[in-house]
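Any read-out appearing in this document is the output of simple, stated calculations on the displayed coordinates, not a laboratory observation. Computed from a predicted structure; not experimentally measured. Methodologically, a virtual Cβ is constructed for each residue, glycine included, from the backbone with ideal geometry; neighbour enumeration extends over all protein chains shown.
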Amino acid sequence: MMISRQLLLTYLYLLVYILLSSGVILYNKWVLSPKYFNFPFPITLTMIHMGFSGMVAFFLIRVLKVVSPVKMTFEIYATCVIPISAFFASSLWFGNTAYLFISVAFIQMLKALMPVATFLMAVICGTDKLRCDVFLNMVLVSVGVVVSSYGEIHFNVVGTVYQVTGIFAEALRLVLTQVLLQKKGLTLNPITSLYYIAPCSFMFLFVPWYLLEKPGMEVTFRVAGVLKDWILIALSTILFPESIITGLNIIGYAIALCGVVMYNYLKVKDVRASQVPVESIPERTVKDLKMEKSSDLYVPKEVIDGGKNAWNGTTPDIAVDEEAPLIPLRVSHLGRSQLSSPLRMSN
């Protein structure tokens with residue numbers, strides 16, 4: 001039996017999709033994981049993804065004219081594209097953040113909840129009806145996911161919440177795509193979808209990126225600036241033939257760049273060192289309390305007698321005031337260190 005060319009192309013596209021999708025998932029895990037590349041900025045990675053996808057879609061539509069853009073009005077863009085872009089950006093953000101906490105295998109197990117989330121969102125939005133057979137099927141899927149979560153060795157609540165939230169955001173995006181775009185009579189293929197949605201998703205991601213990840217990316221920005229300089233030098237030699245660079249130029253510039261990178265690293269290190277860590281605040285308070293109260297410290301007679309008896313191997317019975325305020329372990333340790341000096345003097 002001969003396989004038709006169309007069927008062969010379909011299988012080929014499916015194979016390419018499986019390889020690319022699996023490669024992106026594994027690559028994201030490798031980039032974000034602290035054990036490997038250690039780039040703990042999922043929003044930044046998602047913005048790079050959206051920016052690159054938007055540029056490729058623009059190049060395919062406006063330059064190569066592979067597909068034609070649809071007729072997009074401001075009303076359709078404001079009422080349809082913007083909400084879909086917001087949930088699309090949220091699903092990618094939360095899904096990529098989950099790679100920091102849980103394994104790829106467990107993430108794929110949690111993605112089995114996608115039909116459940118899509119069905120629930122469709123029922124809520126009114127595009128589907130609640131049927132008993134479908135509901136029982138969704139319960140079966142949910143029970144399976146709960147069992148797999150219970151059997152996860154390295155279960156992490158934060159990562160699970162991120163992944164489940166991303167799943168529901170993706171489900172709501174799919175339902176909104178059906179509700180908003182199809183009612184407008186607008187059909188978007190994958191390229192035109194990225195052309196309109198990717199730039200808007202990039203803008204939505206900018207706000208959480210500015211609040212959450214920008215403060216921790218000083219070194220990344222400085223390294224990007226150095227990389228920009230190298231790219232400009234290379235492009236200038238290609239575009240402008242009169243820009244001749246010798247080997248001595250490259251060696252000297254490389255030495256200078258090493259000094260610039262080291263200087264930037266030391267500056268960032270100084271800035272981080274100057275920031276007061278949270279743990280030092282209680283310690284500084286205890287030290288101030290010690291300096292202020294050392295002269296007014298009252299030492300009960302029972303404690304002094306107990307200190308003398310401790311040298312004889314006996315343990316005193318000291319009454320504890322249950323209504324006294326709770327004193328942290330570090331403060332009680334300082335109190336004992338202060339009491340030790342008069343005990344030695346009494347002996």
Quotient of C-alpha Rg and 2.2 N^0.38 Å, computed over segment 9-214: 1.09
Packing-wise, with mean Cβ within 10 Å as the measure, how do 10-21, 156-167, 59-70 rank, highest first? 156-167, 59-70, 10-21
Listing ASP128, ASP270 from the residue with the fewest other Cβ atoms within 10 Å to the one with the most, what is the order? ASP270, ASP128
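Once you order the gyration tensor axes a ≥ b ≥ c over the Cα atoms, which shape class does segment 97-185 get: rounded for a/c under 1.5, otherwise prolate or oblate by comparing a/b with b/c? Can you show the working numbers first?
On the way: a/c = 3.56, a/b = 1.60, b/c = 2.23.
Taking the square roots of the gyration eigenvalues as a ≥ b ≥ c, segment 97-185 is oblate.
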Between segment 1-32 and segment 77-122, the alpha-carbon center distance in angstrom: 21
The ³J(HN,Hα) series, computed from each phi in segment 128-134 with the Karplus coefficients 6.51, -1.76 and 1.60 at θ = phi - 60°, rounded to the nearest Hz and given as x for glycine or proline, is 9, 9, 6, 10, 5, 5, 5
For ASP128, list long-range residues whose amide hydrogen, built 1.01 Å from N in the peptide plane, is under 5 Å from its own amide hydrogen. VAL123
Packing-wise, with mean Cβ within 10 Å as the measure, how do 198-210, 179-191 rank, highest first? 198-210, 179-191
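Which entries of LYS111/LYS228; LYS71/LYS214; LYS129/LYS184; LYS183/LYS214; LYS71/LYS228; LYS29/LYS214 show an alpha-carbon separation above 31 angstrom in the structure shown? The partial results should precede the final answer.
Numbers: LYS111/LYS228 38 Å; LYS71/LYS214 37 Å; LYS129/LYS184 22 Å; LYS183/LYS214 39 Å; LYS71/LYS228 37 Å; LYS29/LYS214 21 Å.
From the list (LYS111/LYS228; LYS71/LYS214; LYS129/LYS184; LYS183/LYS214; LYS71/LYS228; LYS29/LYS214), the Cα-Cα distance tops 31 Å for LYS111/LYS228; LYS71/LYS214; LYS183/LYS214; LYS71/LYS228.
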